[in-house]
Amino acid sequence: MIEVHDLVKRYRYRGKVKTAVLDLSFSLNDGRSLGVLGPNGAGKSTTMRILATLMKPDSGGQRRRVDIAMGLVNNPSAAFLDEPSAGLDPDAREDLCNLLLSVRKQFGTSIVITTHYIEEAERVADNIMVMDKGSIVSEGSPQQLSNQYAQDTITLAIKNARKDDLSSIFSAMSAIDESLLLNEDDSICNVQIKALHSPKVLPDILREMNRIGAEITSIDVRQGSLNDAFLRLTGNEATP
Ligand SMILES: Nc1ncnc2c1ncn2[C@@H]1O[C@H](COP(=O)(O)OP(=O)(O)OP(=O)(O)O)[C@@H](O)[C@H]1O
Ligand SMILES: [Mg+2]
């Protein structure tokens, strides 16, 4: 079990004080893996260095009932990996992912990993912690975070409806964040809709189209990804 309580780290640099981590608390059960995501300067490396006991926190701190293990040798009970895949090509990144998964399976190693590759965190980690400006912005399984924060995109082709009517119907639906009428020829409107929860919105759309006598000729739903959730939470594109 790894427990972190109210971790604080400030750097003094050229006479200025920079708060890198502020009141960070989290826990990780044995054998679980945590992916730490965040934009540049979020405090990920600082947190990792403290967890790996390379550096002292200012206050609060961590209580670790695990053997400190550096690297993935000697059946470590926990491994702290700060951007292990930075600079690796896609093949090597794939190998690394597989290695982490197999080490974890074989030895029950707890893994804390930071990465700018969202899909890597998604594969390796049971839980994701998104940090920004030294604090946790959100935490949960990849599925939970994308359900909660990532917009789904629904694309519809609709027959027998006036563009203006569609505009006013979609903009009046509070569960729809954005709707865009892509193009319109004589008979078909293509509409792109962004909404947090497509399963909740679709029945309403179907009912409304039915009400105005419009016919939906195709529906495409793209579920929001963890990357979309990350962008919404931090306002940043994940840049390796
Ligand atoms: N040795 C240091 N001296 C002064 N400030 C530092 C030092 N190390 C980090 N910082 C500052 O602390 C903050 C957190 O840095 P940290 O390296 O922990 O972020 P990070 O999330 O790992 O970022 P990146 O994604 O770029 O690796 C940043 O504002 C950074 O400029
Ligand atoms: Mg870093």
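The values are calculated or read from the model by the stated rules, or taken from the named source; none is laboratory data. What you see is a predicted model, and the numbers here were worked out from it, not measured in a lab. Cβ coordinates were reconstructed from backbone atoms using ideal geometry, including for glycine residues, and neighbour counts include every protein chain displayed.
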**Message:** Of everything in the stretch 1-33, what is closer than 22 Å to Ala125 by Cα and among the small types (Gly, Ala, Ser)? Give them in sequence order.
**Reply:** Ser25, Ser27, Gly31, Ser33
**Request:** Answer yes if at least one residue in the stretch 103-110 is within 30 Å of Thr19 (Cα to Cα) and either in a helix (DSSP H, G or I) or not assigned by TED's automatic domain parsing to the domain that holds Leu196 (or both), and no otherwise.
**Result:** yes
**Request:** Go through the stretch 227-240 and give me each residue that's out of contact with any helix residue (DSSP H, G or I) (no Cβ under 8 Å at 6 or more places or on another chain) and either assigned to a helix (DSSP H, G or I) or under 24 Å from Lys159 (Cα atoms) (or both).
**Result:** Leu231, Thr234
**Prompt:** Assuming Arg14 fulfils every condition listed in (1) among the charged types (D, E, K, R); (2) modelled with pLDDT under 95; (3) surrounded by 13 or more Cβ atoms within 10 Å (Cβ to Cβ) apart from one, which condition is it?
**Reply:** (3)
**Enumeration of residues in the stretch 20-49 that are touching a Gly at 6+ places or on another chain (Cβ under 6 Å), more than 16 Å from ligand 2 (Cβ to nearest atom) and over 28 Å from Leu101 (Cα atoms)** = Leu22
**Request:** Report yes if some residue within the stretch 156-171 is touching a residue at least 12 places away in the same chain (Cβ under 8 Å), among the aromatic types (Phe, Trp, Tyr) and either surrounded by fewer than 18 Cβ atoms within 10 Å (Cβ to Cβ) or closer than 30 Å to Arg104 by Cβ (or both); otherwise report no.
**Result:** no
**Request:** Could you check, for the stretch 157-170, whether at least one of its residues is part of a loop (DSSP other than H, G, I, E, B) and either under 30 Å from Lys44 (Cα atoms) or within 20 Å of the chain's Cα centre (by Cα) (or both)?
**Result:** no
**Complete:** Taking the stretch 176-226 and the residues there that are among the aliphatic types (A, V, I, L, M) and part of a helix (DSSP H, G or I), the one that is farthest from Lys159 (Cα to Cα) would be Leu226
**Prompt:** Which one is nearest to ligand 2 (Cβ to nearest atom) among residues in the stretch 83-95 that are within 10 Å of Tyr117 (Cβ to Cβ) and of a type in the set (A, V, I, L, M)?
**Reply:** Ala86
